[in-house]
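Visitor: Next up is a structure, given as structure tokens.
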Amino acid sequence: MLDFLRRSATSVFAWIILGVLAIVFGLSFGLPTDTLYFGTQPLVNVFGERIDDQSYRFQYNLIRRFLPVPKDARFQQMIGFKEEVLEAAIEREVLREAGEQMGLAATTKDAEDLVANGHIIVLGDTYDWLGDLNFDYELFSNAFLRPLQASETSYLEEQRDEWLARTVRDVVESSVMVPEGELRKRYEEEANRLSLRYIRFGFSDYAQLVDPKPADIDGWLEKHKIALQAEYAKQGARFLKLPPQASVSVIQVSPPAAPQEPTADASAPASAAPSVDEVAAAARQRIVAGEDFRVVAREVSAHESGRAGGSLGWITVKAGTGLGAAVDTAVQELGAEGLSDVLADGDDRWIVRVSDTREGDVPESDALRELAEEAIKLAQGRALAEQAATEALGRVRGGDTTGLEVRESGLFAKGEPAPGLGEVPELVDSAWSAKPEDGFLDRVFTSSDAALLADLERKEEGTDEGYLAVRSDLYAEAKRLKSSQVMAAWAGYRCRDGKDRGHITSAPEKIERILTYTGEAEAPAPTQEPYEVCARVGRRGGLLRSSLFGRGG
């Protein structure tokens, strides 16, 4: 028996006297509503074990002490911190009852030994609260129990149940086996790795080259009206209560970069290149003469929007374009439609066009036309990307990648998505069947957003020797994961079954009060899902135990 328990036993009369005084004081001056519980309804009753406000508060304080839980109430509510606390207490009692049915037991002596060794079980993990210090009752009482607002007796009872719950977990998890075939498959998925070289033809990049005509939009609206209306129902908010906006396009003319190397004949007279003012003036004159702004922009503009015909899309006038004061001022002065003069901004020259303005709610008919235009660009952009990839395939297989950006994926496991490419199983299967010396694969592949050309750069394959070298570690990790899954499913089932049979009951109104976050943040975030008893049992605290908040030993 621990020394502090012997001291408590010899002081029983003193404790009785203090208890009587506390009750008299409370009756005279009032007690907090959650201090005495003479038979009040618990939050949850789990197989005869009460989880009341006090036991919930103890669990709450315990978790906050040993896990770096975020202080932000909005984030706590987002992950359901209080819900996890209550469910962890329920899970402990579910496993306690299961242990008793198995014939297992934990005693107060087990809990005392934990205390004497400076250990505590929280959410199934063992933490060392004592560190390098020797056990001292005063330290335990003042620096440990008092902040937790727990009595010595209730603390030992909680830890006894935690001990039994952990024993049940150990028994269940020790029975889980990982078949050799499953282990070998896991090894091969991790050991069989590929590295690809690839060229990407993005659908959205080629969509910038598409300029739908009004007749094209009309036709698309007629053919895809139902789909567009469904899309409008999903995206309708983007067309409502808009601040003043303008549809803006720009052309940027910049000085040519200085040549890096001298010409072969340094004595030859250099031809005079047109100045930025001359280039910009000529570009504006072409537009005034009736040439399409987009055509001129693609030919002349140095800005990244040049590929899209200079279009910046809908710009919030007050926020500006981010291209400088001269451009923003022009947008404000052009009104609903107009073409600016050539604008000077340092060494650069700009031409700005505003083709339309809007504010407030966009009429549904206009919104549908905008959605139709976007859909046309994407569909035709996909076709153009696939066409460009097909045209490039022949010369790429011949070793010519001039003008094309060749990227590398780096090594990735055969069963994983290729980095930078996403889910393209056909490409991975084809690459796995190829050899590095074969060069680029002889077909165009498509992902969700691009046409792709790919080349197997490197391939690593698992071997029997490699498997035997890592089998022990691989088995331990596989068993840990599978045991965790089995344990979670089993604990969750026992809890739901106990609830269905009436062995687990709750007080919804009291639980709702406990799980309220109002007042802890100015605008609390909504919980991810409504609370339901047993919904999180089996997770051992879920996110509270994850690497996001730290783990015990």
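Visitor: If Gln77 meets every condition in (1) in contact with a helix residue (DSSP H, G or I) (Cβ under 7 Å, 6 or more places away or on another chain); (2) buried (at least 21 other Cβ atoms within 10 Å of the Cβ) apart from one, which number is that one?
Guide: Going through the list (1) in contact with a helix residue (DSSP H, G or I) (Cβ under 7 Å, 6 or more places away or on another chain); (2) buried (at least 21 other Cβ atoms within 10 Å of the Cβ), Gln77 breaks only (1).
Visitor: What residue, of Arg96, Arg92, is of a type outside the set (A, V, I, L, M, F, W, C), crowded, with 18+ Cβ neighbours inside 10 Å, assigned by TED's automatic domain parsing to the domain that holds Asp497 and in contact with a strand residue (DSSP E or B) (Cβ under 8 Å, 6 or more places away or on another chain)? Before you say what the answer is, go through the steps one by one.
Guide: Details: Arg92 fails: in contact with a strand residue (DSSP E or B) (Cβ under 8 Å, 6 or more places away or on another chain).
Answer to the check: Arg96.
Visitor: Provide a single number: the residues in region 333-362 that are surrounded by 14 or more Cβ atoms within 10 Å (Cβ to Cβ) and either in a helix (DSSP H, G or I) or not assigned by TED's automatic domain parsing to the domain that holds Glu373 (or both). Can you show your working first?
Guide: In the first step, residues of region 333-362 are kept if they are surrounded by 14 or more Cβ atoms within 10 Å (Cβ to Cβ); the result is 334, 339-340, 342-343, 348-355, 357-358, 362.
Of the ones still in play, those that are also either in a helix (DSSP H, G or I) or not assigned by TED's automatic domain parsing to the domain that holds Glu373 (or both) are 334.
Adding up the residues that qualify gives 1.
Let's see how each residue does on (1) in contact with a Gly (Cβ under 7 Å, 6 or more places away or on another chain); (2) assigned to a helix (DSSP H, G or I); (3) more than 22 Å from Phe412 (Cα to Cα); (4) not assigned by TED's automatic domain parsing to the domain that holds Asp110:
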| site | (1), (2), (3), (4) |
| --- | --- |
| Thr167 | yes, yes, yes, no |
| Val172 | no, yes, yes, no |
| Glu189 | yes, yes, no, yes |
| Asp216 | no, yes, yes, yes |
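Visitor: Answer yes or no as to whether Glu512 is over 33 Å from the mean Cα position of the chain (by Cα), surrounded by fewer than 16 Cβ atoms within 10 Å (Cβ to Cβ) and not in a loop (DSSP other than H, G, I, E, B).
Guide: Answer is no for this residue.
Visitor: A further question follows. Which one of these is crowded, with 16+ Cβ neighbours inside 10 Å, within 17 Å of Arg96 (Cα to Cα) and either of a type outside the set (Val, Ile, Thr) or modelled with pLDDT under 95 (or both): Arg539, Arg545? Before the answer, list the steps.
Guide: Numbers: Arg545 fails: within 17 Å of Arg96 (Cα to Cα).
Testing whether each residue is crowded, with 16+ Cβ neighbours inside 10 Å, within 17 Å of Arg96 (Cα to Cα) and either of a type outside the set (Val, Ile, Thr) or modelled with pLDDT under 95 (or both) leaves just Arg539.
Visitor: Residue by residue through region 75-121, note down the ones that are closer than 10 Å to Gln159 by Cα and in contact with a Leu (Cβ under 6 Å, 6 or more places away or on another chain).
Guide: Once the filter is applied, which keeps residues that are closer than 10 Å to Gln159 by Cα and in contact with a Leu (Cβ under 6 Å, 6 or more places away or on another chain), region 75-121 yields Ala106, Thr108, Ala111, Glu112.
Visitor: May I ask you to say which residue of Gly498, Gly466, Gly462, Gly502 is assigned to a loop (DSSP other than H, G, I, E, B) and touching a helix residue (DSSP H, G or I) at 6+ places or on another chain (Cβ under 8 Å)? Reasoning before the result, please.
Guide: Numbers: Gly498 fails: assigned to a loop (DSSP other than H, G, I, E, B); Gly466 fails: assigned to a loop (DSSP other than H, G, I, E, B); Gly502 fails: touching a helix residue (DSSP H, G or I) at 6+ places or on another chain (Cβ under 8 Å).
After applying the criteria, what remains is Gly462.
Visitor: Hey, can you tell me all the residues within region 431-474 that are over 19 Å from Leu404 (Cβ atoms), polar (S, T, N, Q) and touching a strand residue (DSSP E or B) at 6+ places or on another chain (Cβ under 8 Å)? Walk me through it before giving the result.
Guide: Within region 431-474, the first condition is being over 19 Å from Leu404 (Cβ atoms), and the residues that meet it are 432-437, 448, 458-474.
From the residues that got through so far, the ones that are polar (S, T, N, Q) too are 433, 448, 463, 472.
Hit for region 431-474 is Ser448, nothing else.
Visitor: Do you know which residues across region 384-403 are surrounded by fewer than 16 Cβ atoms within 10 Å (Cβ to Cβ), in contact (Cβ under 8 Å) with a residue 12 or more places away in the chain and not charged (D, E, K, R)? Can you show your working first?
Guide: We begin by selecting, within region 384-403, every residue surrounded by fewer than 16 Cβ atoms within 10 Å (Cβ to Cβ); these are 387, 390-391, 394-395, 397-400, 402-403.
When the remaining residues are screened for being in contact (Cβ under 8 Å) with a residue 12 or more places away in the chain, the result is 390, 397, 399.
Selection gives Thr390, Gly399.
Visitor: From Phe144, Phe140, grab the single residue that is in contact with a Phe, Trp or Tyr (Cβ under 8 Å, 6 or more places away or on another chain), buried (at least 16 other Cβ atoms within 10 Å of the Cβ) and over 13 Å from Leu62 (Cα atoms).
Guide: Numbers: Phe144 fails: over 13 Å from Leu62 (Cα atoms).
Criteria check complete, one pass: Phe140.
Visitor: Val176: in contact with a helix residue (DSSP H, G or I) (Cβ under 7 Å, 6 or more places away or on another chain), surrounded by fewer than 18 Cβ atoms within 10 Å (Cβ to Cβ) and within 30 Å of Asp464 (Cα to Cα), yes or no? Spell out how you get there, then give the answer.
Guide: Values: in contact with a helix residue (DSSP H, G or I) (Cβ under 7 Å, 6 or more places away or on another chain): yes; surrounded by fewer than 18 Cβ atoms within 10 Å (Cβ to Cβ): yes; within 30 Å of Asp464 (Cα to Cα): yes.
Yes: the conditions hold for Val176.
Yes or no, residue by residue, for (1) of a type in the set (D, E, K, R); (2) under 20 Å from Ile315 (Cβ atoms); (3) more than 38 Å from the chain's Cα centre (by Cα):
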position: Leu343; (1), (2), (3): no, yes, yes
position: Asp347; (1), (2), (3): yes, no, yes
position: Val352; (1), (2), (3): no, yes, yes
position: Arg369; (1), (2), (3): yes, yes, no
position: Gln380; (1), (2), (3): no, no, no
position: Ala392; (1), (2), (3): no, no, no
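Visitor: Which residues, counting only those in region 278-295, are within 49 Å of the chain's Cα centre (by Cα) and either among the small types (Gly, Ala, Ser) or not assigned by TED's automatic domain parsing to the domain that holds Ser311 (or both)?
Guide: Ala280, Ala283
Visitor: Filter region 182-233 for residues that are exposed (fewer than 15 other Cβ atoms within 10 Å of the Cβ) and over 33 Å from the mean Cα position of the chain (by Cα) and give the result.
Guide: Lys213, Pro214, Ala215, Asp218, Gly219, Glu222, Lys223, Lys225
Visitor: Next up: Looking at region 60-87, I want the residues that are in a helix (DSSP H, G or I) and have a partner that is of a type in the set (Asp, Glu) with Cβ atoms under 8 Å, at least 6 apart or on another chain. Which pairs are those?
Guide: Ala73/Glu520; Gln76/Glu520
Visitor: Output the residues belonging to region 385-437 that are assigned to a helix (DSSP H, G or I), more than 22 Å from Glu188 (Cβ to Cβ) and at pLDDT below 90. Give the steps one after another, and end with the answer.
Guide: Kept after step one, since they are assigned to a helix (DSSP H, G or I), are these residues of region 385-437: 385-397, 425-433, 436-437.
Okay, now just the ones that are also more than 22 Å from Glu188 (Cβ to Cβ), so 385-397, 437.
Matches in region 385-437: Glu437 only.
Visitor: Continuing with this model, one more query. Only residues that are touching a Gly at 6+ places or on another chain (Cβ under 8 Å) and either surrounded by fewer than 16 Cβ atoms within 10 Å (Cβ to Cβ) or not assigned by TED's automatic domain parsing to the domain that holds Arg536 (or both): list them for region 102-128, please.
Guide: Passing the criteria: Ala105, Thr126, Asp128.
The values are calculated or read from the model by the stated rules, or taken from the named source; none is laboratory data. A quick note: this is a predicted structure, and the numbers were derived from the prediction, not measured. Here Cβ is always computed from backbone atoms with ideal geometry, including for glycine, and neighbour counts include all displayed protein chains.
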